[in-house]
């Protein structure tokens, strides 16, 4: 078994972005009301700045987000992981912008006309990426919504992602 060599901050940032672009599923953890954490698998769509996912408007996840918008998402495996601390907002099914609604429907297979569902918009505040013990040090690539290898740059705004609308 060969040891994994730690990547540079720029390489780790690119790895985080590759996780976001190449996956469609994540684990989302929420908590509220002293009931402890709640963890569910969800599909998502990444627009270059935010993740869009959805759940039933009466689900424990939606109730938790209403009470406490801080969430944690994980994408990948224990050997190659992206961990995201984000602020979540609930968007009514009919109020989502067209690109996000279409992107989520395509990523999840859930039709845009699903009744009693709400979208969850996740805005990353902190991202950590690592693949093995060699990368535990320096795993934070984003803090306070800013990339650490280029603090003046925020994630791309949805209008500039180049994705078709």
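The values are calculated or read from the model by the stated rules, or taken from the named source; none is laboratory data. Because the structure is predicted, anything quoted here is derived from the model rather than measured. Quick reminder, even Gly has a Cβ in these numbers, built from the backbone with ideal geometry, and neighbours come from all protein chains shown.
Any residue in the range 140-162 that is at positive phi and surrounded by 11 or more Cβ atoms within 10 Å (Cβ to Cβ) sitting within a Cβ distance under 7 Å of a residue that is in a loop (DSSP other than H, G, I, E, B) and at pLDDT 60 or above? List the pairs, counting only those 6 or more apart or interchain.
If the second residue must be in a loop (DSSP other than H, G, I, E, B) and at pLDDT 60 or above, the pairs left are 145/154.
Those residues that are assigned to a strand (DSSP E or B), in contact with a helix residue (DSSP H, G or I) (Cβ under 7 Å, 6 or more places away or on another chain) and surrounded by fewer than 20 Cβ atoms within 10 Å (Cβ to Cβ), I need them from the range 106-139; list them, please.
Within the range 106-139, 117 is the sole residue that qualifies.
Condition test on residue 58, is it exposed (fewer than 15 other Cβ atoms within 10 Å of the Cβ) and either in contact with a helix residue (DSSP H, G or I) (Cβ under 7 Å, 6 or more places away or on another chain) or farther than 30 Å from residue 12 by Cα (or both)? Before the answer, list the steps.
Numbers: exposed (fewer than 15 other Cβ atoms within 10 Å of the Cβ): yes; either in contact with a helix residue (DSSP H, G or I) (Cβ under 7 Å, 6 or more places away or on another chain) or farther than 30 Å from residue 12 by Cα (or both): yes.
Answer is yes for this residue.
Counting only residues that are touching a residue at least 40 places away in the same chain (Cβ under 8 Å) and within 20 Å of residue 147 (Cα to Cα), give me the strands (runs of 3 or more DSSP E) lying completely in the range 1-101 with at least 1 of them. Lay out the reasoning, then the answer.
On the way: elements: 25-31, 37-43, 51-56, 70-77, 80-92.
It comes to 51-56, 70-77, 80-92.
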